[in-house]
Amino acid sequence: MITSHLQIRRPPDHAVHRPAHRGSVAGLGAVFCLFVFMFAATSVRAQELEPRSYANTPVGLNFLIAGYGYTEGTVGFDPSVPITDAHLRTNTMVYAYARSLGAWGNSAKFDVVLPYAWLWGHGLFNGQPAQREVSGFGDPRFRLSMNFYGAPALSMKDFADYRQDIIIGASLSVWAPLGQYDSTKLVNIGTNRWSFKPELGISKAWGSWTVEVAPSVTFYTDNNDFLNGGTLAQAPIYALQGHIIHGFPSGIWLALDGTFYTGGRTTVNGVRGDTMQTNTRAGLTVAFPVDRHNSVKTYVSTGTASRTDSYYNAIGVFWQYRWGGGY
């Protein structure tokens, strides 16, 4: 879910594009653009690092979020493919809304996220420069999450006496195929398919320290209009993210983040590709309150291991406005 930047405190104790080539060269060009497409639209989702996703939150709060993220990285290929120095970068604006709920006596949240991205990739194809640039809205994400143990639904008044121990929850994220997509192009911002990500979350607090783990699996429907009517299928991606979080009396909190994910092999028109992913990432998140209603969150992350030698660095900043819950 969209994570709350603020800690609710108690009172004072308180794709590369080139002219068409014939034969195998065209096929290799398609491989390059497909890999860029998958790297941009799929891997970034799998490598999400979201601390405090299952933290308890008073019922009735609303969160309006806007932010900017920048990613830049390399794309690796098999030595038999005549593509070298492949590089990709994206600039993304993110807009989101979240609301905390109560469900069967437990805390829950709903959020929707809408990204707008500018993507640019370049590399050497048979020794010649090639590049592709595209921009547009990405696929919106809808997520519903619920805590089943250790995080009861509480009002703002009752929340002042709450102390976390162990929280167990789960969420379901759905990406709808509504983003920018042109079937005549290999590189797009949207994916033209549905994605579903069930996730389990476990959070344990020791005083001002919290440890979280969240295993998940992401399933994909087929894109049946890939490059003028082709079919792109993708196997599920299995991921595990973890966070070590420290909260300060001022309301500032920071988290050391890490994730491992594997799977996601793609098949195009029945031909299985060597696109199996086995990657790890590490990152740091810092959030701090500005006042009762406003907070800011920043993050940085980097790839630490990749089966395909594809790495990217990410940095971003988000502003959050909070209202409701009795304010």
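The values are calculated or read from the model by the stated rules, or taken from the named source; none is laboratory data. Given the structure is predicted, the values throughout are model-derived calculations rather than measurements. Neighbour counts run over all protein chains shown; Cβ positions are idealised from the backbone, glycine included.
Against the condition surrounded by 17 or more Cβ atoms within 10 Å (Cβ to Cβ), farther than 19 Å from residue 49 by Cα and out of contact with any helix residue (DSSP H, G or I) (no Cβ under 9 Å at 6 or more places or on another chain), how does residue 162 come out, does it pass?
No: the conditions fail for residue 162.
Starting from segment 257-268, keep only residues that are over 25 Å from residue 283 (Cβ atoms), then list their pairs with residues that are modelled with pLDDT under 90 and not in a strand (DSSP E or B) whose Cβ atoms are within a distance under 6 Å, requiring at least 6 positions of separation or different chains.
Close Cβ pairs satisfying both conditions: 265/275; 265/276; 266/273; 266/275.
Can you tell me how many residues in segment 169-191 are farther than 22 Å from residue 50 by Cβ and either at pLDDT below 95 or not in a loop (DSSP other than H, G, I, E, B) (or both)?
9
Looking at this structure, is residue 197 of a type in the set (D, E, K, R) and either in a strand (DSSP E or B) or in contact with a His (Cβ under 7 Å, 6 or more places away or on another chain) (or both)?
Details: of a type in the set (D, E, K, R): yes; either in a strand (DSSP E or B) or in contact with a His (Cβ under 7 Å, 6 or more places away or on another chain) (or both): yes.
Against the criterion (of a type in the set (D, E, K, R) and either in a strand (DSSP E or B) or in contact with a His (Cβ under 7 Å, 6 or more places away or on another chain) (or both)), residue 197 qualifies.
Does segment 184-192 contain at least one residue that is crowded, with 16+ Cβ neighbours inside 10 Å and within 26 Å of residue 324 (Cβ to Cβ)? Reasoning before the result, please.
First pass over segment 184-192, keeping only residues crowded, with 16+ Cβ neighbours inside 10 Å: 185-192.
Okay, now just the ones that are also within 26 Å of residue 324 (Cβ to Cβ), so none.
Within segment 184-192, not a single residue is crowded, with 16+ Cβ neighbours inside 10 Å and within 26 Å of residue 324 (Cβ to Cβ).
Scan segment 64-103 for residues that are modelled with pLDDT of 75 or more and more than 22 Å from residue 300 (Cα to Cα) and jot them down.
Once the filter is applied, which keeps residues that are modelled with pLDDT of 75 or more and more than 22 Å from residue 300 (Cα to Cα), segment 64-103 yields 97, 98, 99, 100, 101, 102, 103.
Within segment 131-161, how many residues turn out to be aliphatic (A, V, I, L, M) and touching a Leu at 6+ places or on another chain (Cβ under 7 Å)?
Residues meeting the conditions: 2.
Do we have residue 150 as out of contact with any Pro (no Cβ under 9 Å at 6 or more places or on another chain) and under 27 Å from residue 239 (Cβ atoms) here?
Numbers: out of contact with any Pro (no Cβ under 9 Å at 6 or more places or on another chain): yes; under 27 Å from residue 239 (Cβ atoms): yes.
The answer is yes for residue 150.
Which strands (runs of 3 or more DSSP E) does segment 224-288 wholly contain that include 1 or more residues that are surrounded by 15 or more Cβ atoms within 10 Å (Cβ to Cβ) and at pLDDT 95 or above?
237-247, 253-263
So residue 204 ticks every box in (1) charged (D, E, K, R); (2) in a loop (DSSP other than H, G, I, E, B); (3) at pLDDT 95 or above but one. Which box is left unticked?
Only one criterion in (1) charged (D, E, K, R); (2) in a loop (DSSP other than H, G, I, E, B); (3) at pLDDT 95 or above is unmet by residue 204, namely (2).
Identify all residues within segment 119-140 that are within 30 Å of residue 56 (Cβ to Cβ) and surrounded by fewer than 20 Cβ atoms within 10 Å (Cβ to Cβ); write none if there are none.
The one that is within 30 Å of residue 56 (Cβ to Cβ) and surrounded by fewer than 20 Cβ atoms within 10 Å (Cβ to Cβ): 140.
Please identify the pairs in which a residue from segment 211-232 that is hydroxyl-bearing (Ser, Thr, Tyr) has its Cβ atom under 6 Å from the Cβ atom of a residue that is in a strand (DSSP E or B) and surrounded by fewer than 15 Cβ atoms within 10 Å (Cβ to Cβ), counting only partners at least 6 apart or on another chain.
Listed by first residue and then by second, the contacts come to 231/224.
Condition (residue is among the polar types (S, T, N, Q) and not in a loop (DSSP other than H, G, I, E, B)) applied to segment 148-168: is it met by at least one residue? Before you say what the answer is, go through the steps one by one.
To start, the set of residues in segment 148-168 that are among the polar types (S, T, N, Q) comprises 155, 164.
Of the ones still in play, those that are also not in a loop (DSSP other than H, G, I, E, B) are none.
Among the residues of segment 148-168, not one is among the polar types (S, T, N, Q) and not in a loop (DSSP other than H, G, I, E, B), which makes the answer no.
Quick check on segment 264-280. Is at least one of its residues closer than 30 Å to residue 207 by Cα and touching a Gly at 6+ places or on another chain (Cβ under 8 Å)? First the steps, then the outcome.
Of segment 264-280, the ones closer than 30 Å to residue 207 by Cα are 280.
Adding the requirement that they be touching a Gly at 6+ places or on another chain (Cβ under 8 Å) leaves 280.
Yes, because at least one residue in segment 264-280 is closer than 30 Å to residue 207 by Cα and touching a Gly at 6+ places or on another chain (Cβ under 8 Å).
Give just the number: which of (1) closer than 20 Å to residue 61 by Cα; (2) in a loop (DSSP other than H, G, I, E, B); (3) acidic (Asp, Glu) does residue 111 not satisfy?
(2)
Please work out if residue 304 is loosely packed, with under 15 Cβ neighbours inside 10 Å, part of a strand (DSSP E or B) and β-branched (Val, Ile, Thr).
On the way: loosely packed, with under 15 Cβ neighbours inside 10 Å: yes; part of a strand (DSSP E or B): yes; β-branched (Val, Ile, Thr): yes.
Yes.
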